[in-house]
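**Q** Next up is a structure, given as C-alpha coordinates.
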Amino acid sequence: PKHVNIEVTGSTLIVRAEEPGRDDQPPRLRFEQTLSIPQFLDADQLKATLQHGLLSLKLPIKESMKPRRIEIDT
(Lines give C-alpha, C1' and ligand atoms only; values in the text may rest on other atoms or scores of the structure.)
Protein backbone atom coordinates (compact mmCIF):
# COMPACT_ATOMS: atom_id res chain seq x y z
CA PRO A 1 0.00 0.00 0.00
CA LYS A 2 2.85 2.45 0.59
CA HIS A 3 3.73 2.38 -3.13
CA VAL A 4 0.12 2.84 -4.34
CA ASN A 5 -1.51 6.27 -4.64
CA ILE A 6 -5.24 6.78 -5.34
CA GLU A 7 -6.58 10.26 -6.14
CA VAL A 8 -10.09 11.49 -6.90
CA THR A 9 -10.55 14.85 -8.60
CA GLY A 10 -14.10 15.70 -9.61
CA SER A 11 -15.22 12.73 -11.69
CA THR A 12 -11.72 11.38 -12.38
CA LEU A 13 -10.07 8.55 -10.47
CA ILE A 14 -6.31 8.08 -10.82
CA VAL A 15 -4.48 4.99 -9.55
CA ARG A 16 -0.68 5.12 -9.50
CA ALA A 17 1.78 2.47 -8.33
CA GLU A 18 5.53 2.59 -8.31
CA GLU A 19 8.03 0.12 -6.94
CA PRO A 20 11.25 1.99 -6.24
CA GLY A 21 14.54 0.66 -7.53
CA ARG A 22 17.49 -0.14 -5.33
CA ASP A 23 19.97 2.58 -4.38
CA ASP A 24 20.21 5.07 -7.28
CA GLN A 25 18.38 2.83 -9.77
CA PRO A 26 15.22 4.10 -11.50
CA PRO A 27 11.85 2.60 -10.41
CA ARG A 28 11.51 -1.10 -11.27
CA LEU A 29 7.78 -0.90 -11.87
CA ARG A 30 5.55 2.04 -12.75
CA PHE A 31 1.78 1.91 -13.39
CA GLU A 32 -0.88 4.59 -13.88
CA GLN A 33 -4.56 4.20 -14.74
CA THR A 34 -7.09 7.04 -15.13
CA LEU A 35 -10.81 6.29 -14.96
CA SER A 36 -13.94 8.41 -15.30
CA ILE A 37 -16.42 7.99 -12.46
CA PRO A 38 -20.08 7.99 -13.57
CA GLN A 39 -22.31 10.59 -11.90
CA PHE A 40 -24.43 7.94 -10.16
CA LEU A 41 -21.45 6.70 -8.07
CA ASP A 42 -20.45 8.39 -4.81
CA ALA A 43 -16.71 9.19 -5.03
CA ASP A 44 -16.78 10.56 -1.46
CA GLN A 45 -17.50 7.04 -0.17
CA LEU A 46 -14.65 5.36 -2.12
CA LYS A 47 -13.01 2.50 -0.21
CA ALA A 48 -9.81 0.75 -1.26
CA THR A 49 -8.37 -2.51 0.03
CA LEU A 50 -5.23 -4.41 -0.89
CA GLN A 51 -5.10 -8.14 -0.17
CA HIS A 52 -2.66 -10.68 -1.61
CA GLY A 53 -1.47 -8.15 -4.20
CA LEU A 54 -5.01 -7.41 -5.47
CA LEU A 55 -6.29 -3.83 -5.22
CA SER A 56 -10.08 -3.57 -4.84
CA LEU A 57 -12.00 -0.31 -5.13
CA LYS A 58 -15.59 0.01 -3.95
CA LEU A 59 -17.70 2.92 -5.14
CA PRO A 60 -21.27 2.79 -3.84
CA ILE A 61 -24.26 4.19 -5.70
CA LYS A 62 -25.40 7.61 -4.48
CA GLU A 63 -28.43 7.48 -2.20
CA SER A 64 -30.25 9.95 -4.46
CA MET A 65 -29.90 7.51 -7.37
CA LYS A 66 -31.29 4.47 -5.56
CA PRO A 67 -34.93 3.57 -6.15
CA ARG A 68 -37.32 4.68 -3.44
CA ARG A 69 -40.88 3.74 -2.67
CA ILE A 70 -43.53 6.43 -3.01
CA GLU A 71 -46.54 6.09 -0.72
CA ILE A 72 -49.94 6.83 -2.25
CA ASP A 73 -52.30 8.95 -0.15
CA THR A 74 -55.95 7.88 -0.12
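**Q** How many residues, within segment 1-37, are assigned to a loop (DSSP other than H, G, I, E, B) and in contact (Cβ under 8 Å) with a residue 24 or more places away in the chain?
**A** 3
Residue by residue, here is whether (1) in contact with a strand residue (DSSP E or B) (Cβ under 7 Å, 6 or more places away or on another chain); (2) open to solvent by less than 100 Å² (accessible area, probe 1.4 Å); (3) modelled with pLDDT under 90 holds:
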{"position": "Arg22", "(1), (2), (3)": "no, no, yes"}
{"position": "Pro26", "(1), (2), (3)": "no, yes, yes"}
{"position": "Gln33", "(1), (2), (3)": "yes, yes, no"}
{"position": "Pro38", "(1), (2), (3)": "no, yes, no"}
{"position": "Lys47", "(1), (2), (3)": "yes, no, no"}
{"position": "Gly53", "(1), (2), (3)": "no, yes, yes"}
{"position": "Ser56", "(1), (2), (3)": "yes, yes, no"}
{"position": "Leu59", "(1), (2), (3)": "yes, yes, no"}
{"position": "Glu63", "(1), (2), (3)": "no, no, yes"}
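**Q** Here is a further query. Filtering segment 46-70 down to residues that are in a loop (DSSP other than H, G, I, E, B) and under 19 Å from the mean Cα position of the chain (by Cα), which residue is farthest from Val4 (Cα to Cα)?
**A** Restricting to residues being in a loop (DSSP other than H, G, I, E, B) and under 19 Å from the mean Cα position of the chain (by Cα), the top hit is Lys62.
**Q** Just one of the numbered conditions (1) β-branched (Val, Ile, Thr); (2) surrounded by 10 or more Cβ atoms within 10 Å (Cβ to Cβ); (3) out of contact with any Phe, Trp or Tyr (no Cβ under 8 Å at 6 or more places or on another chain) is not true of Thr74; which one?
**A** Result: Thr74 passes all but (2).
The values are calculated or read from the model by the stated rules, or taken from the named source; none is laboratory data. Keep in mind that what you see is a predicted model, and the values were worked out from it rather than measured. Ideal geometry is used to build each Cβ from the backbone, glycine not excepted, and the neighbour counts take in all protein chains shown. Just so you know, the surface numbers come from the protein's heavy atoms only, side chains and all, with ligands and any DNA or RNA stripped out. Shrake-Rupley method; radii C 1.70, N 1.55, O 1.52, S 1.80 Å.
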